[in-house]
Amino acid sequence: MKQQQKRLRISTLALAMMMTYQVQADDVERDSILDISEVIVVHGERSSVTEAATTHWSIDEDEIKATGAQSLDQVLKTVPGIYVRVGGQGTPRVDIRGFKARHVIYLINGVPANDAEDGQFDPSVIPTSQIASVEVSVGPSSVLYGPGGAGGVINIITKQGDRSPAVSGRLEVAQDHTFNGDISVAGSGDKWQGLVNYTRQQTDGWPMSDDYEDTDYQQGDIRQNADKTVDNLYAQGSYLISDKTQLMANLSVKDGEWGKPSRDGRGSGKVKYERVDDYQAHTVQLGVAHKFNDQFTLRGFGYQNQSEVLESEYKDETYLAVKSQQNGTSIVQGGNVQLISNFDDAGILTTAVIAEKQSWESYTIDGGDDDFDDSSWLYTAALEYQYQADDYGVVIGASAHDQDRVADSEVDYSGQLSGYWQASETTRLNMGVARKVRFPSMRNLYAMSVGNADLQAETSQHFELGLQQQLGQATALNIAGYSTDAEDYIAKDVDGFYQNMERYNFKGVDVQLENNSFDALSMALSYSFIDADDHGTQTLEYRPKHQVRFQADYELPFAMRINFNVERVMDQVYYAQEKVNGVTTTVEQSLQDYTLVDINVVQPFLDDKLELYLRATNLLDENYDQSEALPQAGRQVFIGINWQI
């Protein structure tokens, strides 16, 4: 991993499919400021101050390919400060510095992708075959992303036709009828580029560890109700009308079904038999950028993200008799307009206006009383100023937010101040403070069984201090210490209803040491520590206190490449209901520490046009849980082929 500072529905599919034709056009230089996929403006050849002054991780396509990661969640688990956990819903959730997945803003090419129902996002449905890079910003990140993002901001930059092979694909198989495959077609001209990708993921389930002991609810070598099938069609394209105006469009269509592996009966939690029996989703994005002159540029995009999910609960482990069914539809529609004022040596001023409508409709198939249909509007006005000198930079930002709900509205604000100092060629210091706001989601407010219409917005105060130090011998050290206070944090109380908790505290440090002093060998050692508590009274659950990772990538003389990843997770607690002297009480429990080892071996042929690979996850066949009584996958071995023309 390298830490770097890098700079509704119209004819989207038709634009991306233009790659199948060769056109004649004048050569037009592509100006980076017209690239709408980057929310933060880059000044010339330099990195943005916002990225240089805060913790920012960038994972490029080569790094993703080396690990053998097949989906976004597998990519993110290698980032310091991030914990990817699978809970009771059977979906990977990405937690950052103690904040849960709903506190993370997901962007696809700069466009929001979070769900309207609960504000979360399923990273497992984004295949790596579509990803060019992943940009992760944590700590006091920019106000231009809008409200939320207390944990961080993850921007997925998709592949483009002018930087991809004309035709490429991948096939991968493993036990239990596991199959991952994709095919991409790409092309470009002087003024246009486009790419179409189709991906299929399917499995009957994943294997249990040999050390796992059967229970009444989990027996055999395969995890029950862990099957999954997802099809994903993605298309994107851009067109330069002139050297000052660019259009872009993205389209994604997904469908599938999967099981939600239940608790296995070892803990106190209830055993449920649940499935997603039908999942349909689409995303449409349209953007335009126009450069009036060297000083002023206007950028904007509109989008619609919609998902329809049929969830079923069954009476027993046969999954034949339906107990209840709920059909939910989440729709997020919005637009974002930025006016960029470039004052050259005096800095860059960016103003943004964001409007977004979040809708959630759900109804029970049998006509129960949990039906819901409502929406809210979210408005943001933001202002951010970047100044960058030869050896230092500063960014100041402020934004106002308004959530217009069904019967009420709430107004709040965000702010950021951060900067860096390049003390020498080998030393850079950065510091930042921020105030962030997250409004309650539709589910938080209105879900019939758990909602609370009186919820207030969460607020959080962030402080971060970082050091990047070159140690010589191609060795780099990155350290970031942080402290965050979250007030009115939204979580469920002991009765299962959402409430504003008074105050949560998160303090920690992320450290990474990289070494590239040996030919063909790169190594990285990282450590993350977090102390998360409820106003100093008790430790917050499912937040590992210690995470240690070691990564190595080595290329042998005959071009074979080996990627090795080791992760150690320690000191994680949860709370369970137990009867003590006839009285039900909450008791702190500890999850067992665990170690995961992954390896990926790749052998290229035909001038890298063909690659054969063998990868193994959980190589040591560790028997472990990430949540109470929810055993995770044992050793899995995959054989695959990558090809391109």
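Taken together, the values in this text are just the output of simple stated rules run on the coordinates, not laboratory data. These figures come from a predicted structure and were not determined experimentally. We place every Cβ from the backbone using ideal geometry, glycine too, and count neighbours over all the protein chains shown.
Backbone N atoms of region 463-499 closer than 12 Å to the 7 Å Cα→Cβ label point of Asn505 belong to residues 483-486. Taking the centroid of alpha carbons for each part, region 502-526 and region 285-355 are 31 Å apart.
Note on the chain: helix-only mean residue ellipticity at 222 nm, from DSSP H runs of 4+ residues weighted -39500 (n - 2.57) and normalised by residue number, equals -1000 deg cm²/dmol.
When the pairs Lys228/Lys545; Lys228/Lys272; Lys65/Lys228 are compared against a 27 Å limit on Cα-Cα distance, Lys228/Lys545 fall above it. Could you please state, rounded to a whole Å, how far the C-alpha centre of region 384-417 is from the C-alpha centre of region 169-233? Computed from Cα coordinates, the inter-centre distance equals 40 Å.
Within 10 Å of each residue's Cβ, count the other Cβ atoms and sort Ile131, Ile108 from fewest upward.
Least crowded to most crowded, the residues run Ile131, Ile108.
Packing around the peptides 572-580, 603-611, 255-263, 121-129, taken as the average count of other Cβ atoms within 10 Å per residue, puts them in this order, highest first: 121-129, 255-263, 572-580, 603-611. Semi-axes of the equivalent ellipsoid of region 12-457 are 38, 27, 22 Å, computed as sqrt(5λ) over the eigenvalues of the C-alpha gyration tensor in descending order.
Which residues does the label zone of Lys357 cover in region 383-407, counting backbone N under 14 Å from a point 7 Å along Cα→Cβ? Answer for this model: 404-406. Scoring 632-640, 482-490, 515-523 by mean Cβ neighbours within 10 Å over their residues and listing the highest first yields 482-490, 632-640, 515-523. Going by Cα centres, region 545-569 and region 256-273 are how many Å apart? That distance is 33 Å. The length gained by stretching the chain between Ser449 and Thr215 to full extension, at 0.36 nm per residue less their Cα-Cα distance, is 81.2 nm.
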